[in-house]
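Taking it in order: structure first as structure tokens, then the write-up.
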Amino acid sequence: MKLKLIMLVSLFAFGLAFSANAGAVVDTDTDLVPDAFDNCSATANGPNDPDNQVDSDQDGFGNFCDSDYNNDGQTTTADFTEFLGAFTGSAPSVNSDHNGDGATTTSDFSRFLADYTSGLNPGPSGLACAAFNPGPATPCLP
């Protein structure tokens, strides 16, 4: 009996030692997508969210944290012009659908306005290929 108990405890301790060395997976925004593969690593946009890592312009920054529609590295009045066109329906754009509901609505405007007034750049993104001006030939996908 003692031998079985010693064996069981030894196997348990052995298992803990190996799991401790396996390395932790970092997920800062707790969206179930590891930061290294997360195109919006500071804000949740994972499998349980409607936008689920959508990146319409394929610049490596997810729609949820990318109000820079012209990819110049900052959210400006030029981006507002594109947002306004999508919002009114005169120039539909999938880039301005921040919440993944399929349309540009007031909730998307709230996100755009927050980025615009705070002067935030797109991101952050955990993807190594994320860039402000990727060009059409270099899509950045996880």
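State all residues of the stretch 102-142 that are farther than 19 Å from residue 54 by Cβ, assigned to a helix (DSSP H, G or I) and in contact (Cβ under 8 Å) with a residue 40 or more places away in the chain; if no residue qualifies, say none. Within the stretch 102-142, 116 is the sole residue that qualifies. The selection criterion, being surrounded by 13 or more Cβ atoms within 10 Å (Cβ to Cβ), among the polar types (S, T, N, Q) and either closer than 15 Å to residue 55 by Cα or touching a His at 6+ places or on another chain (Cβ under 7 Å) (or both), holds for residue 99. Residues of the stretch 50-63 include none that is in a helix (DSSP H, G or I), surrounded by fewer than 22 Cβ atoms within 10 Å (Cβ to Cβ), modelled with pLDDT under 95 and over 10 Å from the mean Cα position of the chain (by Cα).
Yes or no, residue by residue, for (1) crowded, with 16+ Cβ neighbours inside 10 Å; (2) among the charged types (D, E, K, R):
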| site | (1), (2) |
| --- | --- |
| 72 | no, yes |
| 79 | yes, yes |
| 104 | yes, no |
| 116 | yes, no |
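The values are calculated or read from the model by the stated rules, or taken from the named source; none is laboratory data. Everything numeric in this text was worked out from a predicted model, so none of it was measured. In this analysis, Cβ positions are derived from the backbone assuming ideal geometry, glycine residues included, and neighbour counts consider all displayed protein chains.
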